[in-house]
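Contents: one structure, followed by commentary.
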Amino acid sequence: MTNFEDAREHMITDQLAARGIRDQRVLDAMRRVPRHAFVPEESRAQAYADRAVPIGSGQTISQPFMVAVMTEALLLKGTERVLEVGTGSGYQAAILAELACDVISIERRPELAETARTALAARGYTNIRVIVGDGTVGYPSAQPFDGILVTAGAPRVPESLKQQLSATGGRLVIPIGPPELQRLAVIVRDENRFSQSLRENCVFVPLVGAEAWPGGG
Ligand code: SAM
């Protein structure tokens with residue numbers, strides 16, 4: 001499809017609203033952000049497809065529906081500080097920046113972080129910081145976070161991320177499970193108590209780091 005605006009509108013109605021995404025702020029943000037601007041030239045025709053799309057370095061930009069589900073689960077009102085783990089293309093960071101006050105996004109692959117920074121700067125975002133590092137240990141110097149979104153699949157919930165949530169109502173959204181299939185978990189903090197609910201099944205690339213899967217490269 002070459003008409004990106006039409007494709008985006010179809011994405012909103014057929015992939016998101018029709019499947020139960022109700023938060024109007026999330027729908028409007030995904031209507032505003034040009035997803036194709038975050039996808040490499042060779043994959044651009046697939047930018048609005050109902051699936052994850054390759055972005056290079058063996059990584060993907062998540063399926064639009066999954067971006068919407070995860071974002072909606074953070075219940076953002078506009079005043080929050082949010083941490084994203086797994087910048088990838090920068091698209092999810094852009095959606096978060098539309099809906100929260102301040103976004104820090106961590107990516108372990110420097111080349112992806114650099115491409116994402118360029119795409120985000122071209123869109124004029126000034127409330128996103130892209131950091132190169134291991135996001136499984138969070139970002140202690142900017143904690144606490146009202147929301148933490150992890151966009152790669154983890155074997156378990158990293159303890160550091162739980163501890164960097166805001167004490168009252170901080171929310172962590174993270175895919176948990178084996179590499180072949182994970183389940184989206186939503187963890188909510190109330191002081192030293194953490195409640196966890198399980199949501200959709202999903203398949204993400206692995207979260208690799210000190211508090212997740214081992215791996216190099
Ligand atoms: N949110 C991204 C987007 O909007 O394009 C999609 C992210 S992609 C599914 C997962 C990303 O997580 C990859 O870019 C991968 O390099 C990154 N990643 C994996 N383990 C990580 C870690 N420990 N810290 C930071 N990033 C990590």
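Does Ala152 qualify as being in contact (Cβ under 8 Å) with a residue 24 or more places away in the chain, over 26 Å from Ser57 (Cα atoms), touching a strand residue (DSSP E or B) at 6+ places or on another chain (Cβ under 7 Å) and aliphatic (A, V, I, L, M)? So Ala152 fails the test.
One residue stands out among those in segment 195-212 that are open to solvent by 60 Å² or more (accessible area, probe 1.4 Å) and outside any strand (DSSP E or B): the one that is nearest to Ile106 (Cα to Cα), which is Ala210. Put simply, of Val39, Val67, Val103, Val85 the only residue that is over 13 Å from the mean Cα position of the chain (by Cα) and β-branched (Val, Ile, Thr) is Val39.
Looking at this structure, is Glu211 free of Cβ contacts under 8 Å to residues at least 24 places away in the same chain, under 18 Å from Thr87 (Cα atoms), within 13 Å of the ligand (Cβ to nearest atom) and not β-branched (Val, Ile, Thr)? Answer is no for this residue.
When the criteria are applied in full, Pro175 meets the requirement of being on the phi < 0 side of the Ramachandran plot, buried (at least 20 other Cβ atoms within 10 Å of the Cβ) and either out of contact with any helix residue (DSSP H, G or I) (no Cβ under 8 Å at 6 or more places or on another chain) or not in a loop (DSSP other than H, G, I, E, B) (or both). When the test is whether a residue is at pLDDT 95 or above, open to solvent by 50 Å² or more (accessible area, probe 1.4 Å) and more than 14 Å from the chain's Cα centre (by Cα), Glu98 does not pass it. Among the residues making up segment 50-77, a single one is more than 14 Å from the ligand (Cβ to nearest atom) and either over 22 Å from Ile174 (Cα atoms) or in contact with a Leu (Cβ under 7 Å, 6 or more places away or on another chain) (or both): Leu76. The listed residues are Glu180, Glu191, Glu159, Glu111, and the only one of them that is at pLDDT 95 or above, within 18 Å of Met66 (Cα to Cα) and surrounded by fewer than 14 Cβ atoms within 10 Å (Cβ to Cβ) turns out to be Glu180.
Considering each residue of segment 80-89 in turn, at least one proves to be of a type in the set (Ser, Thr, Tyr) and either open to solvent by less than 10 Å² (accessible area, probe 1.4 Å) or within 11 Å of the ligand (Cβ to nearest atom) (or both). Scan segment 50-69 for residues that are in contact with a helix residue (DSSP H, G or I) (Cβ under 6 Å, 6 or more places away or on another chain) and part of a strand (DSSP E or B) and the total you get is 3. Look at segment 117-136: where a residue is among the polar types (S, T, N, Q) and a partner is near the ligand (Cβ under 10 Å from one of its atoms) and open to solvent by 70 Å² or more (accessible area, probe 1.4 Å), sitting 6+ places away or on another chain with Cβ atoms under 7 Å, you get Thr136/Ala210.
The values are calculated or read from the model by the stated rules, or taken from the named source; none is laboratory data. The shown structure was predicted, so the numbers you read here are calculated from the model rather than taken from an experiment. Positions of Cβ are backbone-derived with ideal geometry, glycine not excepted, and every protein chain shown enters the neighbour counts. SASA here: full protein model, heavy atoms, side chains in, ligands and nucleic acids out. Shrake-Rupley method; radii C 1.70, N 1.55, O 1.52, S 1.80 Å.
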